[in-house]
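Worksheet for the structure shown next.
The values are calculated or read from the model by the stated rules, or taken from the named source; none is laboratory data. As the structure is a computational prediction, the values presented were derived from the model and not from experiment. Cβ sites come from the backbone with ideal geometry, for glycine too, and all protein chains shown count toward neighbours. Calculation scope for accessible area: heavy atoms of the full protein, side chains included, ligands and nucleic acids excluded. Shrake-Rupley method; radii C 1.70, N 1.55, O 1.52, S 1.80 Å.
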Amino acid sequence: AVDAVQRLNAGGIEASLTVIGRPTAESYAMPGRSLPTNTLYAVLDETPFIEHHASLPNSEVRRRMAEADFLLFPTVDESLGWVVIEAGLTGLATAATEIFAIPELIDHESSGWLLSTDTDEDGRWLHLATSAAPDEWEALQKGLSDQIVGFAEAIARNPHLPDQMGDAARRKLEALYLPEVAAARLRAIYDAA
C-alpha cells in the first residue's frame, strides 16, 4: 500500500494513505525473515501524504473509515475479513487480497476490488508460513502494489467509482451482517432445532 501510494504521487495522481497499526519485524507469515520495520516506520512517519497511527480506538477507526474514499486491505492471511465487513457497512468500498473468505465479501469491480495472488486449495496465500515465503515476498508485494495502482488509476478516471462501489458494498454486506438479519437467521436455526 505504501509503495502504491508513493508511485501514484510520483506519477501525478494525488493520493494519501492513513495507516493504523504497528507493523512488526517478525511474522509467522514469513518464517526466517525479518521485515525492515525501522525503514517502514520512517516512511510512515516522514512522508507528507501518509498519516500513521500506531493505534486508535475503534470508534475513531470507524469515523476515519466514514471519511475515506476506500479501504486498502492487502493482507496475506485473513480468515473472514471483519475489517472488510465494517468498511462495507459504513459504505466504504475495499480493495483487498483475494484470499480465504474475502471474495465472498467483495464483488470484484462492483462492491470493491479483489487483489489477486497465488492461493492454495484453502484460499490462503500459497507461500504463507512456508520456507518459500521469504523468497516470494517481494514478488507478492510488487504484484499487490501494481494492482492497487491500477485500482487507484481507475478511480482517477472515474471519481464516482468509490461512492458507487461503497453503495454496492453496503447493500451486499447489510444483507449478510446487519444485527437484525443475523438475529433472524439465528432465530430460524433455533426454531428449526
Sole exception among (1) more than 30 Å from residue 26 (Cα to Cα); (2) touching a helix residue (DSSP H, G or I) at 6+ places or on another chain (Cβ under 6 Å); (3) without any contact (Cβ under 8 Å) to a residue 60 or more places away in the chain for residue 186, by number: (2)
In segment 137-165, which residues are over 30 Å from residue 35 (Cα atoms) and touching a strand residue (DSSP E or B) at 6+ places or on another chain (Cβ under 9 Å)? 154, 165
Out of everything in segment 90-99 that is modelled with pLDDT of 95 or more and not small (Gly, Ala, Ser), what residue ends up being farthest from residue 144 (Cα to Cα)? 92
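Is it the case that residue 91 is without any contact (Cβ under 8 Å) to a residue 60 or more places away in the chain, within 19 Å of the chain's Cα centre (by Cα) and open to solvent by less than 60 Å² (accessible area, probe 1.4 Å)?
Taking the combined requirement at face value, the residue does not satisfy it.
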So which helices (runs of 4 or more DSSP H) stay within segment 96-193 end to end and still have 1 or more residues that are of a type in the set (Val, Ile, Thr)? 102-105, 133-157, 179-192
Is there any pair with a first residue in segment 16-42 that is open to solvent by less than 50 Å² (accessible area, probe 1.4 Å) and a second that is in a strand (DSSP E or B) whose Cβ atoms are under 6 Å apart and which are 6 or more apart or on different chains, and what are they? 17/50; 19/52
Can you find a residue that is among the hydroxyl-bearing types (Ser, Thr, Tyr), touching a Leu at 6+ places or on another chain (Cβ under 7 Å), within 18 Å of residue 3 (Cα to Cα) and open to solvent by 20 Å² or more (accessible area, probe 1.4 Å) anywhere in segment 116-125? yes
Hey, residue 67 open to solvent by 70 Å² or more (accessible area, probe 1.4 Å) and either aromatic (Phe, Trp, Tyr) or within 20 Å of the chain's Cα centre (by Cα) (or both) or not: yes
Total residues in segment 61-83, condition in contact (Cβ under 8 Å) with a residue 40 or more places away in the chain and touching a strand residue (DSSP E or B) at 6+ places or on another chain (Cβ under 9 Å): 8
Collect the residues in segment 106-136 that are farther than 18 Å from residue 155 by Cα and in contact with a Lys or Arg (Cβ under 7 Å, 6 or more places away or on another chain), keeping them in residue-number order. 134
